[in-house]
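What follows is one structure encoded as structure tokens, with my remarks underneath.
The values are calculated or read from the model by the stated rules, or taken from the named source; none is laboratory data. This is a predicted model, so every value here is computed, not measured. Virtual Cβ from ideal backbone geometry, glycine too; neighbours counted across all protein chains shown. We work out accessible area using only protein heavy atoms, side chains counted, and drop any ligands, DNA or RNA first. Shrake-Rupley method; radii C 1.70, N 1.55, O 1.52, S 1.80 Å.
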Amino acid sequence: MVGKITRAYERELKDGDVKMTSPKFGMSILFFFLRISFCSSTDQSFQQCFSSHLPPSKITYDVIFTQNSSQYSSILQSSIRNLRFSNASKPRYLVTPYNENHIQATIICSKEHHMHVRVRSAGHDYEGLSYISDVPFIVIDLFHIRSVMVDIKNEFAWVGAGATLGELYYSISAKSNVHGFPAGSCPTVGVGGHISGGGFGTIFRKYGLAADNVIDAKMIDVNGNVLDRKSMGEDLFWAIRGGGGASFGVIFSWKLKLVRVPPTVTVFKTLKTLEQGATKLVQKWQNIAYKFHHDLFVHAVIQVTNPNSNQNPTVQVSFDCLFLGTTERLLSSIQRSFPELGVTQENCTEMSWIQSVLYFAGHSIAESADVLLNRGTQSTQSFKGKSDYVKEAIPKMGLEGLFKMVAEEETSMLILTPYGGRMKQIKSSATPFPYRSEYLYGIQYMISWDVAEETGKRIGWMRRLYKYMEPYVSTAPRAAYFNYRDLDLGRNSYPNTSYVEASQWGLKYFNHNFNRLVRVKTLADPHNFFWNEQSIPVLRLE
């Protein structure tokens with residue numbers, strides 16, 4: 001930076017535009033060096049504070065990275081999954097803790113230096129709230145805290161919040177081929193954020209959400225205390241299992257109940273375009289997929305396809321299935337309940353559960369499970385996501401209008417995820433995730449793009465699609481999934497927001513559970529230190 005200033009100074013002298021005695025130039029140079037001096041002093045002060053709150057044995061020199069650090073940019077960019085946030089405001093410090101002491105010190109010193117804290121486990125936050133902010137902030141990146149300890153005998157695992165789902169699945173499969181965990185199908189998603197928002201995947205109809213299978217957790221609260229389930233109490237333990245852990249503290253470890261999976265599972269994929277009757281198939285799928293036996297998961301993925309160069313693009317629906325059992329059992333079930341799909345033995349492939357993880361992640365089942373240890377790289381695309389829940393099947397006319405809109409954008413995708421099964425048996429108040437027995441399926445809307453200039457157009461299309469769907473989805477509130485974060489639903493005012501204001505988005509994510517979350521937040525973090533644009537608000541006396 002200093003070199004750039006010097007070269008600019010030399011050019012200005014050469015061009016005769018600015019003299020050495022120019023007051024304006026002199027003041028700018030003075031301001032620059034004063035700013036550098038101030039930042040260096042502040043950095044030193046924060047680092048001294050950090051070190052002073054660590055036991056001598058825990059002091060390391062590669063935990064805090066300032067904006068002047070050589071590794072700062074590579075660490076920051078490594079987990080930015082949405083390119084539209086790559087040039088957003090950057091944190092004052094990146095803290096990459098190795099243990100809970102580093103997290104404690106960061107929280108204490110952030111409070112002393114009046115900086116907000118954002119927590120990142122793998123960067124899949126749809127609105128980038130784990131690594132961007134409009135106020136002075138620090139990012140605690142948990143990627144060093146990702147150990148996985150699997151106890152097959154007692155059927156549980158302790159997993160660091162910075163681990164990815166792929167790392168968790170790999171570690172379980174290394175110990176047993178008949179154990180798994182019900183969570184998402186994208187292996188580079190971070191365990192911490194996924195579980196704290198609910199977490200569903202291909203086997204959740206049999207076993208429930210990831211958050212439903214949490215036994216214990218360890219977190220650092222606003223005062224720097226290390227809490228487990230017993231010391232945090234059941235209200236706070238309830239809140240962090242689906243209510244967004246970042247509103248309440250820094251969760252750094254989860255104890256998970258492993259589930260037993262069969263040694264053989266079966267998958268199939270059936271592709272149908274609109275011309276091949278996809279509309280009728282989706283109509284029927286809506287009315288039966290949530291009624292399937294809990295061993296059977298069939299979701300529908302809607303995209304644009306171009307069959308060949310001689311035909312115009314059309315909409316295609318992919319029916320993707322995972323069955324917890326053999327092909328023989330699957331065919332008996334699917335041919336009886338959904339014969340229109342035309343599934344035969346030739347369409348089906350038997351495999352182990354860990355191979356099904358590879359399959360739904362887009363890998364070959366012949367690959368080594370080692371590929372799940374790849375944490376991924378920075379995205380090369382921008383995207384916008386939204387979500388909905390459906391309580392009554394969308395009529396044919398509504399589907400036809402939906403498909404017409406999808407056809408307008410070749411990079412759009414909709415994923416329709418069936419509910420029912422175990423989800424129907426768990427009370428809506430059991431965890432903050434409320435959408436259980438009354439819902440047929442959830443919808444994820446997604447659109448991506450490569451060129452920054454397309455951002456407005458693509459997001460505009462997404463908002464028009466969302467508006468179009470309003471008559472066909474849940475109301476009062478119009479439900480949304482917290483892990484598909486969407487700032488269009490509303491955002492908190494800084495530094496605080498009212499309950500009424502936060503309800504605009506809070507009731508959509510959490511429905512009747514929002515009120516309890518607010519009460520827990522008020523007790524756990526009364527001064528609202530863990531604030532972000534969609535954090536749970538604090539009740540205040542007017």
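Summed over the residues of region 293-432 and divided among them, the accessible surface reaches 45 Å² per residue at a probe radius of 1.4 Å.
Across the protein chains, with a 1.4 Å probe defining accessible surface, the residues 70, 493 rank 70, 493 from largest area downward.
Computed with a 1.4 Å probe on the full set of protein chains, the accessible area for residue 390 sits at about 0 Å². For the chain, the antiparallel share of DSSP beta bridges with both residues in that region comes to about 90%.
Around the Cα centre of region 109-223, unit charges on the Cβ atoms of Lys, Arg, Asp and Glu (plus for the first two, minus for the last two) sum to a dipole of about 320 debye. Within the accessible area of region 393-542, the carbon and sulfur atoms contribute 55%, probe 1.4 Å, all protein chains present.
Restricting the trypsin sites (Lys or Arg not before Pro) of region 147-247 to loop positions (DSSP other than H, G, I, E, B) with no more than 12 neighbouring Cβ atoms within 10 Å leaves 153. Proximity of backbone amide H atoms, modeled 1.01 Å from N, is registered between residue 119 and 140 at under 5 Å, excluding neighbours fewer than 5 places apart on the same chain.
Under the criterion of Cα pairs below 8 Å and six or more residues apart, the relative contact order for the chain equals 14 percent. When the solvent-accessible area of region 191-330 is split by element, carbon and sulfur atoms take up 44 percent of it, the probe being 1.4 Å.
Using a probe of 1.4 Å, the accessible surface attributed to residue 377 totals some 110 Å² when neighbouring protein chains are kept in position. Of the GluC sites (Glu not before Pro) found in region 285-391, those that fall in a DSSP loop while having at most 13 other beta-carbon atoms within 10 Å are 367.
Relative to the longest principal axis of the Cα atoms of the chain, the long axis of helix 514-524 lies at roughly 40 degrees.
Only protein heavy atoms count here; on that basis, with a 1.4 Å probe, residue 235 has an accessible area of about 80 Å². Ordered by 1.4 Å accessible area with all protein chains kept, 255, 111 run largest first as 111, 255.
Whole-Hz Karplus values for region 193-205 come out as x, 4, 5, 5, x, x, x, 10, x, 6, 10, 6, 5 Hz, taken residue by residue from phi with 6.51 cos²θ - 1.76 cosθ + 1.60 and θ = phi - 60°; glycine and proline positions read x.
Under a model in which nothing but the beta-carbon of Lys, Arg (+1) and Asp, Glu (-1) is charged, the chain shows a dipole of about 660 debye around its Cα centre.
With respect to the chain, whose longest principal axis is taken over its alpha-carbon atoms, helix 2-15 is tilted by about 70°. Sites listed here are trypsin sites (Lys or Arg not before Pro) in region 304-389 whose DSSP assignment is loop and whose Cβ has at most 11 other Cβ atoms within 10 Å, and the list is empty.
Could you report region 139-193's accessible area per residue, 1.4 Å probe, as an integer in Å²?
Details: 1760 Å² over 55 residues.
Per residue, region 139-193 has an accessible area of 32 Å².
Given the rule -39500 (n - 2.57) for each run of at least 4 DSSP H residues, summed and divided by the residues of the chain, what is its mean residue ellipticity at 222 nm, to the nearest 500 deg cm²/dmol?
Working: 17 runs with 178 residues, N = 542.
Using -39500 (n - 2.57) per qualifying helix, the result is -10000 deg cm²/dmol.
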